[in-house]
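Every number in this text was worked out from the coordinates using simple rules, so none of it is lab data. Every value quoted in this text rests on a predicted model; they were computed, and no experiment measured them. Here Cβ is always computed from backbone atoms with ideal geometry, including for glycine, and neighbour counts include all displayed protein chains.
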Amino acid sequence: MKQRITLKIAGKETQHLVDAEREELVRAAADRINREIDSLRFDFRDQGLSEVLSMILLSEETRLLEMEARNNQDTNSVLRRLEELDASLGEYLSR
């Protein structure tokens, strides 16, 4: 079931419609974004909000791509191991 929640990101309140079971995750994500904004605004005082948000977006997208690549490697490793086990089982059963 979806519910409407209010989040404040970069000082601006916005309404979001989220699944009830994802609310905690969405709120945690908003908190994480706000902490990152505060950190980058301190480090890059001369940059505007849009530049800070661009840095955050690039950082998070890079992290997501790294996680996807690791997941693909893990999946490929599991598939190779399953193929090895299948071959071993096939040899055993054909004796």
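Values as computed for the structure displayed
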quantity: Complete set of residues in the range 6-29 that are more than 26 Å from ARG41 (Cα to Cα) and over 18 Å from the mean Cα position of the chain (by Cα); calculated: LEU17, ALA20
quantity: Enumeration of residues in the range 71-95 that are surrounded by 10 or more Cβ atoms within 10 Å (Cβ to Cβ) and of a type in the set (Ser, Thr, Tyr); calculated: THR75, SER77, SER88
quantity: Condition check for GLU68: surrounded by 10 or more Cβ atoms within 10 Å (Cβ to Cβ), within 28 Å of GLY11 (Cα to Cα) and not aliphatic (A, V, I, L, M); calculated: no
quantity: Test: ILE56 is touching an Asp or Glu at 6+ places or on another chain (Cβ under 8 Å), among the hydrophobic types (A, V, I, L, M, F, W, C) and in contact (Cβ under 8 Å) with a residue 12 or more places away in the chain; calculated: yes
quantity: Where a residue in the range 33-45 is closer than 16 Å to GLU60 by Cβ and its partner, wherever it lies, is in a helix (DSSP H, G or I) and of a type in the set (S, T, N, Q), with Cβ under 8 Å and at least six apart; calculated: GLU36/SER59
quantity: Members of the range 8-25 that are touching a strand residue (DSSP E or B) at 6+ places or on another chain (Cβ under 9 Å) and surrounded by 14 or more Cβ atoms within 10 Å (Cβ to Cβ); calculated: HIS16, VAL18, GLU23
quantity: Residue that is nearest to LYS8 (Cα to Cα) [pool: residues in the range 32-48 that are in a helix (DSSP H, G or I), touching a helix residue (DSSP H, G or I) at 6+ places or on another chain (Cβ under 8 Å) and not acidic (Asp, Glu)]; calculated: ILE33
